[in-house]
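> Take a look at the following structure, please.
The values are calculated or read from the model by the stated rules, or taken from the named source; none is laboratory data. Please read these numbers as outputs of a predicted model, since none were measured by experiment. Neighbour counts run over all protein chains shown; Cβ positions are idealised from the backbone, glycine included.
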Amino acid sequence: MSFTLDISRACEAMKGNTDKAVRKVLIDLGASLVSKSPVGDRKLWLSLGAAYAIGGKHKQIKGSKGPAGYVGGRFKGNWQHGFGSKPSGELPDIDPSGSASMARIEGGIASSPAAGIHYLANNLPYAQRLEDGWSTQAPAGMIGLTMLEFPGIVKRSQA
C-alpha cells in the first residue's frame, strides 16, 4: 500500500477527521523511532584499537571505554519534529527514556497544521551509522523498521 492510500483509509475510518488521523499517525511514528533508538552503554562499546585488532568488525567487547564524560541518551534525545522544513542542528538534550523527545515531538505536531509536510529527524552526525546497524541495540536501525511497521501504525490509528 502507498502512504497516501494508508492515510486515506485511516481518515475514512475516522469519519473524515483528517487532522486527528494525521496527528495520531505522526505521534505513533515518532514513538516508534524514539523507542527503537539505542542508548549508549559503555559496557558494550568497542575501543578503536580493538576494532582494528579484530579486522574493523563491529563486534563489541564488554568493558571497553567510551568517550570521556559520555552519558547515554544523546541520540534518543535528539529526535525532532519539523513542519514545512526539516529541523536543523543538534540538541544538547540527554534523554535515555525518550520521554522529553516524545513531549517535544507531540508539542510540535499539536502546534502545526495537520495538512502539510511533517519531518521527524535526528541530526546527530552518527545517526546514519546507527540506522545502518552500528549499534547492537538497534542492529536493524530504527527508520527502516518503522517504515515497515507503517501500515500497522495507520491501522492502529483507526481504532
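> Please go through the stretch 119-130 and pick out each residue that is surrounded by fewer than 18 Cβ atoms within 10 Å (Cβ to Cβ) and either of a type outside the set (Ser, Thr, Tyr) or touching a Gly at 6+ places or on another chain (Cβ under 8 Å) (or both).
Residues satisfying the conditions are Tyr119, Ala121, Asn123, Leu124, Pro125, Gln128, Arg129.
> Can you confirm whether the stretch 143-156 contains a residue that is in contact with a Lys or Arg (Cβ under 9 Å, 6 or more places away or on another chain) and not in a helix (DSSP H, G or I)?
no
> Let me ask something additional. Can you name every residue in the stretch 84-113 that is under 18 Å from Leu26 (Cβ atoms) and buried (at least 16 other Cβ atoms within 10 Å of the Cβ)?
Those that are under 18 Å from Leu26 (Cβ atoms) and buried (at least 16 other Cβ atoms within 10 Å of the Cβ): Pro87, Gly98, Ala100, Ser101, Met102, Arg104, Ile105, Glu106, Gly108, Ile109, Ser112.
Residues are listed down the side, and each one gets a yes or a no for (1) among the charged types (D, E, K, R); (2) touching a strand residue (DSSP E or B) at 6+ places or on another chain (Cβ under 6 Å); (3) closer than 17 Å to Leu91 by Cβ:
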{"position": "His118", "(1), (2), (3)": "no, yes, no"}
{"position": "Arg129", "(1), (2), (3)": "yes, no, no"}
{"position": "Trp134", "(1), (2), (3)": "no, no, no"}
{"position": "Gln137", "(1), (2), (3)": "no, no, no"}
{"position": "Ile143", "(1), (2), (3)": "no, no, no"}
{"position": "Leu148", "(1), (2), (3)": "no, no, no"}
{"position": "Ile153", "(1), (2), (3)": "no, no, no"}
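> Can you work out which of the residues in the stretch 21-46 that are surrounded by fewer than 18 Cβ atoms within 10 Å (Cβ to Cβ) and modelled with pLDDT under 90 is farthest from the chain's Cα centre (by Cα)?
Going through the qualifying residues, I end up with Lys43.
> Taking the condition assigned to a loop (DSSP other than H, G, I, E, B), under 14 Å from the mean Cα position of the chain (by Cα) and exposed (fewer than 14 other Cβ atoms within 10 Å of the Cβ), does Gly133 pass? Break it down into steps so the answer makes sense when it comes.
Working: assigned to a loop (DSSP other than H, G, I, E, B): yes; under 14 Å from the mean Cα position of the chain (by Cα): yes; exposed (fewer than 14 other Cβ atoms within 10 Å of the Cβ): yes.
Considered against the rule, which asks whether it is assigned to a loop (DSSP other than H, G, I, E, B), under 14 Å from the mean Cα position of the chain (by Cα) and exposed (fewer than 14 other Cβ atoms within 10 Å of the Cβ), Gly133 comes out as yes.
> Just to be sure, is Gly107 within 17 Å of Arg23 (Cα to Cα), in contact with a Gly (Cβ under 8 Å, 6 or more places away or on another chain) and not hydroxyl-bearing (Ser, Thr, Tyr)? Explain how you work it out, then say what you get.
On the way: within 17 Å of Arg23 (Cα to Cα): yes; in contact with a Gly (Cβ under 8 Å, 6 or more places away or on another chain): no; not hydroxyl-bearing (Ser, Thr, Tyr): yes.
Answer is no for this residue.
> Against the condition on the phi > 0 side of the Ramachandran plot and either of a type in the set (A, V, I, L, M, F, W, C) or modelled with pLDDT of 95 or more (or both), how does Gly84 come out, does it pass?
Yes.
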